[in-house]
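Notes follow the structure.
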Amino acid sequence: GAVVSQHPSWVICKSGTSVKIECRSLDFQATTMFWYRQFPKQSLMLMATSNEGSKATYEQGVEKDKFLINHASLTLSTLTVTSAHPEDSSFYICSAEMTGRETQYFGPGTRLLVL
Amino acid sequence: RKEVEQDPGPFNVPEGATVAFNCTYSNSASQSFFWYRQDCRKEPKLLMSVYSSGNEDGRFTAQLNRASQYISLLIRDSKLSDSATYLCVVRGTGFQKLVFGTGTRLLVSP
């Protein structure tokens, strides 16, 4: 149980395009989902906290107009990187917190390469 | 100062060795503590939660010292499959936010 999927697992795009990443909790409902970014040899950095049916809460320094988050249902959150640039190339990981539980379950991540 | 600090390693140990990792955190109000394992190019996976009384799961033992704001992980009888990066994770300010250390890399050799 407690499986989180992400799609796509990797994406290569041209600079200036937008990329949408999906995060799904497959066998549980997640009131809250989280989006992280990890650059090589660095720790995971929380980008934003996404609550179902409400606006996401962004961490300091994360542009909300560039990283659009939608959490339309209890099993799906999406992150759209708008007008991606090479510096946005990173490993994007989502996690989902089962309602009432403390543990976060991580998706397998999405590798984004912007050329 | 980083909220969660770890020695990045790598720690190179032979199979069967015992190895210990340490982690310090800066926020004294932190409530929950975890060790995660991350394999190369993969997502983190929860290894174990850490409690003040200390807890053990097979070959893995975790300890928390709230007074010193210090967390440890001990791995006994290391296996080749233990090679990974071990992330110290603290639930920071606010109920849900996790703060990750940069990780300690472990390499177990035959």
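The values are calculated or read from the model by the stated rules, or taken from the named source; none is laboratory data. Keep in mind that this is a model prediction, so the values were computed, not measured. Counting neighbours? That spans all protein chains shown, and the Cβs are built from the backbone with ideal geometry, glycine included. With ligands, DNA and RNA removed, areas are computed over all heavy atoms of the protein, side chains included. Shrake-Rupley method; radii C 1.70, N 1.55, O 1.52, S 1.80 Å.
For the protein assembly as shown, treating each Cα as an identical point scatterer without solvent, what Debye log10 I(q)/I(0) comes out at q = 0.14, 0.15 1/Å? For the protein assembly as shown, the Cα-only Debye profile gives -0.89, -1.01.
The value of relative contact order for chain A, using C-alpha pairs under 8 Å at least six residues apart, is 37 percent.
Note down the magnitude of the dipole of segment B:22-103 about its Cα centre, charges +1 on Lys and Arg C-beta and -1 on Asp and Glu C-beta and zero elsewhere, to the nearest 20 debye.
Roughly 160 debye for segment B:22-103.
When only DSSP loop residues count, what GluC sites (Glu not before Pro) in segment B:1-61 have their Cβ near at most 13 other Cβ atoms within 10 Å?
Those satisfying the criteria are B:Glu15.
Computed 3J(HN,Hα) for segment B:52-68, one whole-Hz value per residue from the Karplus formula 6.51 cos²θ - 1.76 cosθ + 1.60 where θ = phi - 60°, is 4, 7, x, 8, 10, 9, x, 7, 10, 10, 10, 9, 10, 10, 5, 4, 9, glycine and proline marked x. Across segment A:67-76, computed HN-Hα scalar couplings (Karplus, 6.51 cos²θ - 1.76 cosθ + 1.60, θ = phi - 60°) run 10, 8, 10, 10, 10, 7, 9, 6, 10, 9 Hz from first to last residue, x flagging Gly and Pro. Counted by Cβ distance under 14 Å from B:Arg37, the other residues give a net charge of +2, where Lys and Arg count +1 and Asp and Glu count -1. Distances between placed amide hydrogens fall under 5 Å for B:Phe11 paired with B:Arg105, B:Leu106, B:Leu107, all partners being 5 or more residues away or on another chain.
Protein heavy-atom accessible surface, 1.4 Å probe, per residue over the protein assembly as shown: 49 Å². In order along segment B:28-38, phi translates into HN-Hα couplings of 5, 8, 4, 10, 10, 9, 9, 10, 10, 10, 10 Hz, rounded to whole numbers, per the Karplus curve 6.51 cos²θ - 1.76 cosθ + 1.60 with θ = phi - 60° and x for Gly and Pro. For segment B:1-60 versus segment A:53-115, the spacing of their alpha-carbon centroids is 25 Å.
Expressed as a whole percent, the accessible surface of segment A:14-59 that belongs to carbon and sulfur atoms is 49, based on a 1.4 Å probe. Proximity of backbone amide H atoms, modeled 1.01 Å from N, is registered between B:Cys23 and B:Ile71 at under 5 Å, excluding neighbours fewer than 5 places apart on the same chain.
From the Kirkwood radius over Cα pairs of chain A, Stokes-Einstein at 25 °C and 0.890 mPa s returns a whole-number translational diffusion coefficient of 176 µm²/s.
Could you work out the mean count of beta carbons from other protein chains within 10 Å of each residue's beta carbon in B:33-46?
Mean shielding by partner chains, rounded to a whole number: 4.
Per residue of A:32-42, other chain Cβ atoms within 10 Å of the residue Cβ number 2 on average. Residues whose amide H comes within less than 5 Å of that of B:Ser83, counting only those at least five positions distant or on another chain, are B:Val108 (H built at 1.01 Å from N in the peptide plane).
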